1. Before we move on, is Gly337 part of a loop (DSSP other than H, G, I, E, B), farther than 24 Å from Pro402 by Cα and outside the structural domain of Arg37 (by TED's automatic domain parsing)?
2. Among what's in the range 62-95 and is assigned to a loop (DSSP other than H, G, I, E, B) and in contact with a strand residue (DSSP E or B) (Cβ under 6 Å, 6 or more places away or on another chain), pick the residue that is nearest to Asp278 (Cα to Cα).
3. Filtering the range 342-360 down to residues that are at pLDDT 95 or above and within 16 Å of Pro158 (Cβ to Cβ), which residue is surrounded by the most Cβ atoms within 10 Å (Cβ to Cβ)?
4. Does any residue of the range 260-281 turn out to be touching a His at 6+ places or on another chain (Cβ under 9 Å) and hydrophobic (A, V, I, L, M, F, W, C)?
5. Being of a type in the set (Ser, Thr, Tyr), more than 13 Å from the ligand (Cβ to nearest atom) and either in a helix (DSSP H, G or I) or open to solvent by 10 Å² or more (accessible area, probe 1.4 Å) (or both): is that true of Tyr196 here?
6. Have a look at Asp233, Asp213 and point out the one that is assigned to a loop (DSSP other than H, G, I, E, B), within 30 Å of Ala116 (Cα to Cα) and either touching a strand residue (DSSP E or B) at 6+ places or on another chain (Cβ under 9 Å) or of a type in the set (Gly, Ala, Ser) (or both).
7. All but one of (1) within 15 Å of the ligand (Cβ to nearest atom); (2) surrounded by fewer than 24 Cβ atoms within 10 Å (Cβ to Cβ); (3) assigned to a loop (DSSP other than H, G, I, E, B) hold for Ile224; which doesn't?
8. When you look at Gly38, is it open to solvent by less than 30 Å² (accessible area, probe 1.4 Å), within 27 Å of the chain's Cα centre (by Cα) and not assigned by TED's automatic domain parsing to the domain that holds Lys283, yes or no?
Amino acid sequence: MKSYQEMNKNELLELKANLESKYKEEKAKGLSLNMARGKPGISQLELAMPMLNVLNSSSDMNTILGNDTRNYGDLDGIGECRRLMADMMEVEKDNVIVCGNSSLNIMYDTIARSMAFGVNGSTPWNKLDKVKFLCPVPGYDRHFKITEAFGIEMINIPMDENGPDMDLVEKYVNNDEAVKGIWCVPKYSNPTGISYSDETVKRFAALTPAAPDFRIYWDNAYCIHHLYEDVHDKILNILDECEKAGHPDMVYIFASTSKISFPGSGISAIATSKANLDFILSKMTVQTIGHDKINQLRHVRFFKDINGLKAHMKKHGELLRPKFEAVLNELDAELTGLEIGSWVKPRGGYFVSFNALPGCAKNIVAKCKDLGVVLTGAGATYPYGKDPLDSNIRIAPSFPTPEEMAQAAKIFVLCVKLASVEKLLEDK
Ligand SMILES: Cc1ncc(COP(=O)(O)O)c(C=O)c1O
């Protein structure tokens, strides 16, 4: 097959006419599919429905230690739930606080707390002239929205298959006192799907920040979200590595069961050093009397332990795999060799990240929308919604059925082809 890059103008014009007629046919079908957000599919949610039956009015509502979950207490979460989340996050229970229904909420609070009160006694960030955050790109739009909302300057750090460009991370963190944090999704990253290499994790732990209140925001949202049974990515434990490197307080780890039980009605947790936990709890005790312990109990009674969580996620993997394969097969079959895009086959997580020819992403997303397929907005994977190359598109295959996903993937490749031909013709 001839690459689009090798085609002359006449060949491209002929191809364009052909693609346009296919485009018209698809438009006439009047499809309506939404792949904008990485939401679990309905069949995944169904798997957690029995959780709603594990507690009822005749249930024993006490924790193992005999604390009544219906009442105040256990600000840092009920013990058995801290154990469950600790095992999921591969840390010790004493390093965990179980919070409410959303890890994003903890991240927001962590930044808000640092702005208002500083970090373990440092100057509150809102008293500083400038606060900067490093943002590996493409990344998670909602991370960037948090730092943007607080007026924190965001700096793009390119990602590759091993994680963020660590030379650049070291340069900024070790030399610029205004750099207070970095957003990371270390496993099955949103959206690139890659997991950080051991070397990357070790280099993170070995950072020597110019700012004592610099922290790594390690959002391990997809820690047990494997797509395949036989290939599980494994990343080094950042809390251990930071401790070994003599920087025990340098990292906050976040996770939740949003994409395990119910998004919006799951449980979330933060794991970090004892010193960080003490500071967080000293502020949290003013903010709240405690989180929803009945939901914590419900989760523990349903999943029981880490093996229960893993068994549940195996079923998620089985449901998600055909949807991912529907996209990946279509990309492989239709775009390989054309030199108009690249993508990575993820082994877990929720996304396929597609890099189109520079200058094409917005056009592709607009064309897909015109044909009834709604994708995440182009640019959303970058701070301020600005992809400097207008190239990255996040595909979220989880919500549609595999059949819908296959249909949507056909539309997507058609739009990629047409937008690429238009771009190449512009440049001729
Ligand atoms: C990287 C990442 N972190 C956090 C979240 C949201 O987690 P929660 O529902 O616990 O706030 C998502 C959801 O898409 C995500 O992709």
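1. Values: part of a loop (DSSP other than H, G, I, E, B): yes; farther than 24 Å from Pro402 by Cα: yes; outside the structural domain of Arg37 (by TED's automatic domain parsing): no.
No.
2. Asp76
3. Across the range 342-360, the extreme among qualifying residues is Ser353.
4. Taking every residue of the range 260-281 in turn, at least one turns out to be touching a His at 6+ places or on another chain (Cβ under 9 Å) and hydrophobic (A, V, I, L, M, F, W, C).
5. no
6. Answer to the check: Asp213.
7. (2)
8. yes
The values are calculated or read from the model by the stated rules, or taken from the named source; none is laboratory data. Quick caveat: nothing in here was measured; it's all calculated off a predicted structure. Cβ atoms come from the backbone with ideal geometry, glycine included; neighbour counts cover every protein chain shown. Only protein heavy atoms, including side chains, enter the accessible area calculation; ligands, DNA and RNA are left aside. Shrake-Rupley method; radii C 1.70, N 1.55, O 1.52, S 1.80 Å.
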